[in-house]
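First the structure, in the form of structure tokens, and then the observations on it.
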Amino acid sequence: MRYIEPHAHMVSRTTDDYQSIAQAGCEALCEPAFWAGYDRGSVEGFKDYFRQLTQYEPARAAKFGIPHFTWLCINPKESDDVVFGREVLSIIPEFLDQPTVLGIGEIGLNKNTKNEHTILEEHIALAKERDLPILVHTPHLEDKLKGTRLIVDALKNAQVNPDRVVIDHVEEHTAAIALDAGFWAGMTLYPESKCTPGRAIDILETFGMERIWMNSACDWGISDPLAVIKCALEMKKRQHAGELVEKVIYENPRSFLRQSPNFTL
Ligand SMILES: [Zn+2]
């Protein structure tokens, strides 16, 4: 099977993981900017991280034949300080013309604070100004429902074209909020917490296979860089046709990501 990993934090993974992903059939991998396992102490820390995402990580992935793309932003977890958030926002434009940058992400909310919301709105404005797609992070656990609604409202208020936005980390209670408003939806697969492969397939069976993708996140917590392909095998076990599986793990992410001219396979 071939697949696209649309959301993976490879800066937290070893080269062994790249090898496994390549062997599993990954044809492209996208890495949104997020928390790096620690809070950065200065804007220079973000500059180094953006260089890592736009220069070093694509070179590391290339050794395994995997094209590596990225999304840039200051993540919601570190954007509760508006002054700091704006400082980081001010350096993002100097990286946006790099050949592997797809858009602005993963932006959103973490604890649904007013300050996070301010920085979210400023990221949306930047994406609109540069005509870039957006990848959205939605909060976890008890903050998810409210946070997803706040984010959708912010995107609607800014009159962003929903075709150009993917709302990630949807679960059973938030998938319809994203899809009914015309946005794309992403499901982040984790082995035990959040959306397990079994739950993700239930969501697909409930909401359909249009405008939806799956990703592994594979970050600093308990996570699995092969989650997408394992979920695809699980879909086959549930008797989903091969073409449908390929649509979810390859065609759908490709359709969305191709909206960025930098996404080429
Ligand atoms: Zn992420």
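The values are calculated or read from the model by the stated rules, or taken from the named source; none is laboratory data. Not measured: the values here are computed from a predicted model. Note that we place each Cβ from the backbone using ideal geometry, even for glycine, and neighbour counts take in every protein chain shown.
The table below lists the values:
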{"item": "Enumerated helices (runs of 4 or more DSSP H) restricted to the stretch 136-208, each holding at least 2 residues that are acidic (Asp, Glu) and surrounded by fewer than 19 Cβ atoms within 10 Å (Cβ to Cβ)", "result": "197-207"}
{"item": "First in the stretch 97-113 and assigned to a strand (DSSP E or B), second anywhere and within 16 Å of the ligand (Cβ to nearest atom) and of a type in the set (Ser, Thr, Tyr), Cβ under 8 Å, 6 or more apart", "result": "Val101/Thr70; Leu102/Thr70; Gly108/Thr138"}
{"item": "Gly182 vs. criteria of a type outside the set (Ser, Thr, Tyr), within 18 Å of Lys77 (Cβ to Cβ) and at pLDDT 95 or above", "result": "no"}
{"item": "Residues satisfying the stated conditions in the stretch 1-21, i.e. within 16 Å of the ligand (Cβ to nearest atom) and either within 14 Å of Ala59 (Cα to Cα) or small (Gly, Ala, Ser) (or both)", "result": "Ala8, Met10, Val11, Ser12"}
{"item": "Which listed residue is among the small types (Gly, Ala, Ser) and under 21 Å from Ala8 (Cβ atoms), from Gly41, Gly103, Gly85", "result": "Gly103"}
{"item": "Conditions (1) among the aliphatic types (A, V, I, L, M); (2) part of a loop (DSSP other than H, G, I, E, B); (3) over 18 Å from Asp168 (Cβ atoms): number failed by Ile74", "result": "(3)"}
{"item": "Single residue of the stretch 71-127 satisfying the filter (within 16 Å of Thr148 (Cβ to Cβ) and in contact with an Asp or Glu (Cβ under 7 Å, 6 or more places away or on another chain)) that is surrounded by the most Cβ atoms within 10 Å (Cβ to Cβ)", "result": "Pro76"}
{"item": "Selected residue (criterion: farthest from the ligand (Cβ to nearest atom)) from residues of the stretch 160-202 that are within 19 Å of Lys144 (Cα to Cα), out of contact with any strand residue (DSSP E or B) (no Cβ under 6 Å at 6 or more places or on another chain) and of a type in the set (Val, Ile, Thr)", "result": "Ile177"}
{"item": "Search result, residues across the stretch 215-257 that are within 16 Å of the ligand (Cβ to nearest atom), acidic (Asp, Glu) and out of contact with any helix residue (DSSP H, G or I) (no Cβ under 6 Å at 6 or more places or on another chain)", "result": "Asp224"}
{"item": "Hits in the stretch 22-45 (condition: surrounded by 24 or more Cβ atoms within 10 Å (Cβ to Cβ) and away from the ligand (no atom under 16 Å from the Cβ))", "result": "Cys26"}
{"item": "Residue match in the stretch 64-74 (condition: within 22 Å of Arg258 (Cβ to Cβ), within 16 Å of the ligand (Cβ to nearest atom), in contact with a helix residue (DSSP H, G or I) (Cβ under 6 Å, 6 or more places away or on another chain) and among the hydroxyl-bearing types (Ser, Thr, Tyr))", "result": "yes"}
{"item": "Any hit, the stretch 85-95, residues being basic (Lys, Arg), part of a helix (DSSP H, G or I) and within 16 Å of the ligand (Cβ to nearest atom)", "result": "no"}
{"item": "Residue match in the stretch 232-241 (condition: modelled with pLDDT under 95 and over 24 Å from Leu120 (Cα atoms))", "result": "no"}
{"item": "Criterion violated by Val152 - all others in (1) away from the ligand (no atom under 16 Å from the Cβ); (2) within 25 Å of Glu87 (Cβ to Cβ) satisfied", "result": "(2)"}
{"item": "Positions within the stretch 57-70 being assigned to a helix (DSSP H, G or I), over 19 Å from the mean Cα position of the chain (by Cα) and not basic (Lys, Arg), in sequence order", "result": "Ala59, Ala62"}
